[in-house]
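Here the structure comes first, spelled out in structure tokens, and everything after it is commentary.
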Amino acid sequence: MNSEKLSFNNTKKAFLSKNNSELNESYWLFRLMGNPFVVKIGSKLTLFALSLRLPVQGLIKRTIFKQFCGGESLKESQSVVKRLSKSHIGSILDYSVEGKSTEEDFEKTKTEVIDIIALAKGNKAIPYTSLKMSGIVRLGLLETINSLPFVPEDCQSEYKLLHSRLTEVCQASVANEVPIYIDAEESWIQGAIDQLAEEMMSHYNKEKAFIQTTLQMYRKGRIDYLKNLIQQARIKKYFIGVKLVRGAYLEKETARADRLGLTTPIQQNKEDTDREFDEAVLICLQNLDVVTLCAGTHNEASTFYLVKEMKNLNIAKDDSRIYFSQLFGMSDNITYNLADEGYNVTKYLPYGPIGAVLPYLIRRANENTAIAGQMGRELNLIARERKRRVGQHLLSSSSITPQT
Ligand SMILES: Cc1cc2nc3c(=O)[nH]c(=O)nc-3n(C[C@H](O)[C@H](O)[C@H](O)COP(=O)(O)OP(=O)(O)OC[C@H]3O[C@@H](n4cnc5c(N)ncnc54)[C@H](O)[C@@H]3O)c2cc1C
């Protein structure tokens, strides 16, 4: 296949790694998640059952956890890493534990990220890693810095702890030559995260973009922010890494702005988000001498746009400064077909104990329910692959149900 013919319709390639029963499991899961009522009630019941220590972990592990996570530990995730690597897809192992609040938890997260970096050293199957700032510090501290924006006297010692944890992670990233993405989070803590990410990039990226930040293009004003980042990098002579995403907290952001009577930080509509995402892609491509780009998206049009602009600008498909990335369990049609074409592709592969990754899983379920078209897309692809297998007598027709 040449790039003129790049298509995301090849479901045989997309689901090559799934046997029939895995394909059927995904089909039923996406059908269930397509129902907003099921997702809403299911999320609440699951949280309630876990809080009562009811034995629901096994069920979660066999269903939604299996779809979106690598395993409960770094070790357990290795079989997925190997499977992806066979198809030339890198893994970004993401210790996805959220909602923790003790210093002990924060230390554990830091150690875990450093363990991932050690495992990734010289390992093509794990080209990057990632860090959520809220995994190594209390949310309240980030919120305080964000609103002030400086560190008040009574928060200095806590801030020092955060800074030293972040420094340790960044130093490990540079020493082992494993770049790290700092994830973007809610707008009311993102200013503090940006500040820290910029500081680390300016300090550690003198030779290469080891430390990379994330821009959520559903936020207003991110194009100007990106241009300013690039300008600063040029003036102060360092590299920047930019992971572009649309943003995962749409409903939470809107609800909070409504509740507090604030102007929403989110773009007016989806079209504005889409347009600014693509504009940011182009700005990054035009500044590759200082920028490294990761397009974290399941949007086919944006992915095609990046492919097209790379071609226009004569940028090689495997240019080490450009990565495409999708979340594990989503848009395999994009991931596998791009990898087959020779582009640099990764999957974000979250892992962690079931109870602790639940907020991530609930976000994925909500994301798939809330976004018009997204669920249809995933479900449609799986349904088409089931039909293809039936047509080729690879799957029994009795297991096929009418498409939704
Ligand atoms: C590799 C990777 C890393 C990621 N890292 C992060 C991260 O660090 N932080 C983070 O927040 N998310 C992250 N995400 C999640 C990401 O934000 C969502 O998966 C993404 O928003 C889904 O959008 P899409 O680009 O796939 O395109 P689509 O499915 O086309 O777009 C859906 C998105 O468009 C936006 N949108 C929808 N409706 C509206 C509207 N009315 N107005 C404005 N905007 C709207 C929302 O962001 C929504 O999620 C990551 C995703 C990937 C693949």
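Only the coordinates and a few stated rules stand behind these numbers; no lab work does. Bear in mind the structure is a predicted one, so any value in this text is a computation, not a measurement. Cβ atoms come from the backbone with ideal geometry, glycine included; neighbour counts cover every protein chain shown.
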Report summary line: Only helices counted: for the chain, with every DSSP H run of 4 or more residues adding -39500 (n - 2.57) and the sum spread over all residues, [θ] at 222 nm is -17000 deg cm²/dmol
Query raised in the report: Magnitude of the Cβ-charge dipole of the stretch 227-314, K/R +1 and D/E -1, about the Cα centre, nearest 20 debye?
Result: 440
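Could you work out the equivalent-ellipsoid semi-axes for the stretch 284-392, taking the square root of 5 times each eigenvalue of the Cα gyration tensor, largest first, in whole Å? Intermediate results must be reported in sequence, preceding the final value.
On the way: eigenvalues 149, 79, 33 Å².
Ellipsoid half-lengths, sorted descending, are 27, 20, 13 Å.
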Report summary line: The distance between the Cα centres of the stretch 315-340 and the stretch 231-245, in whole Å, is 22
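Which order do I240, I266 fall in if you start with the one that has the fewest other Cβ atoms within 10 Å?
On the way: I240 25, I266 20.
Ranking I240, I266 by Cβ neighbours within 10 Å, fewest first, gives I266, I240.
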Requested in this report: May I have the pair-distance distribution P(r) for the stretch 53-110, computed from all Cα-Cα distances with 10 Å bins from 0 and rounded to whole percent?
Outcome: 19, 41, 33, 8
Query - Globularity ratio of the stretch 218-307, using Cα Rg and 2.2 N^0.38 Å - result: 1.19
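Taking the convex hull of the alpha carbon atoms in the stretch 289-333, what volume per residue do you get, in Å³? The partial results should precede the final answer.
On the way: hull volume 3.6 nm³, N = 45.
Here the figure is 79 Å³ per residue.
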Query raised in the report: Got a sec? How would T303, T167 order by Cβ neighbour count within 10 Å, fewest to most?
Result: T167, T303
Report summary line: For W28, W188, ascending order of other Cβ atoms within 10 Å (fewest first) is W28, W188
**Report entry** Overall dimensions of the stretch 93-155 by Cα: Rg and Dmax, Å
**Finding:** 14.3, 44
Report task. Pull up the cross-link candidates among the aspartates and glutamates for K308, meaning alpha carbon to alpha carbon under 13 Å and not fewer than 8 places away within one chain. Result -> E4, D278, E300
Query raised in the report: Charges only on Cβ, +1 for Lys and Arg, -1 for Asp and Glu: so what's the dipole of the stretch 265-391 about the Cα centre, in debye to the nearest 20?
Result: 660
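Roughly speaking, what is the stretch gain from V56 to W28, that is 0.36 nm per residue apart minus the C-alpha to C-alpha distance, in nm to one decimal? Can you show the working numbers first?
Numbers: separation 28, 0.36 × 28 = 10.08 nm, distance 1.84 nm.
That works out to 8.2 nm of additional length.
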Query raised in the report: So how long is each side of the stretch 121-185 along the principal axes, counting just the alpha-carbon atoms, biggest first, in Å?
Result: 43, 21, 15
Query raised in the report: If you bin every alpha carbon distance in the stretch 1-118 into 5 Å steps from zero, what whole percent lands in each bin?
Result: 2, 8, 13, 17, 18, 16, 13, 8, 3, 1, 1
Query raised in the report: How high is the FRET efficiency from L16 to E309, r the C-beta distance, R0 30 Å, rounded to 0.05?
Result: 0.60
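Provide the FRET efficiency to the nearest 0.05 for the V38-K236 pair, computing r from the beta carbons and using R0 = 60 Å. Could the numbers behind the result be given before it?
Values: r = 51 Å, r/R0 = 0.84.
In this case the efficiency is close to 0.75.
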**Report entry** Dipole axis of the stretch 124-210 (+1 Lys, Arg; -1 Asp, Glu on Cβ), positive-most option in A125, F150, G135
**Finding:** A125
Requested in this report: Could you calculate the contour length gain from K387 to D318, that is, 0.36 nm times the residue separation minus the distance between their Cα atoms, to one decimal place in nm?
Outcome: 21.5 nm
Requested in this report: Would you mind telling me which residue in D318, D278, D183 has the biggest mean-square fluctuation in a Gaussian network model of the chain, where springs connect alpha carbons within a distance under 10 angstrom?
Outcome: D318
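So if R0 is 51 Å, what FRET efficiency would E104 and L394 give, r being the distance between their Cβ atoms, rounded to the nearest 0.05?
On the way: r = 50 Å, r/R0 = 0.98.
Between E104 and L394 the formula returns 0.55.
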Query raised in the report: Can you give the Rg to Rh ratio for the stretch 148-216, taking only C-alpha atoms and Rh from Kirkwood?
Result: 0.98
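Between beta-carbons, use under 10 Å as the cut-off and find the net charge around N146, counting Lys and Arg +1, Asp and Glu -1.
Numbers: positive: none; negative: E143, E186, D194.
Local net charge: -3.
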Query - Cα-only Debye scattering, the stretch 127-269: base-10 log of I(q)/I(0) at q = 0.09, 0.13, 0.16 Å⁻¹ - result: -0.28, -0.59, -0.89
Query raised in the report: How many percent of Cα pairs in the chain exceed 30 Å?
Result: 40
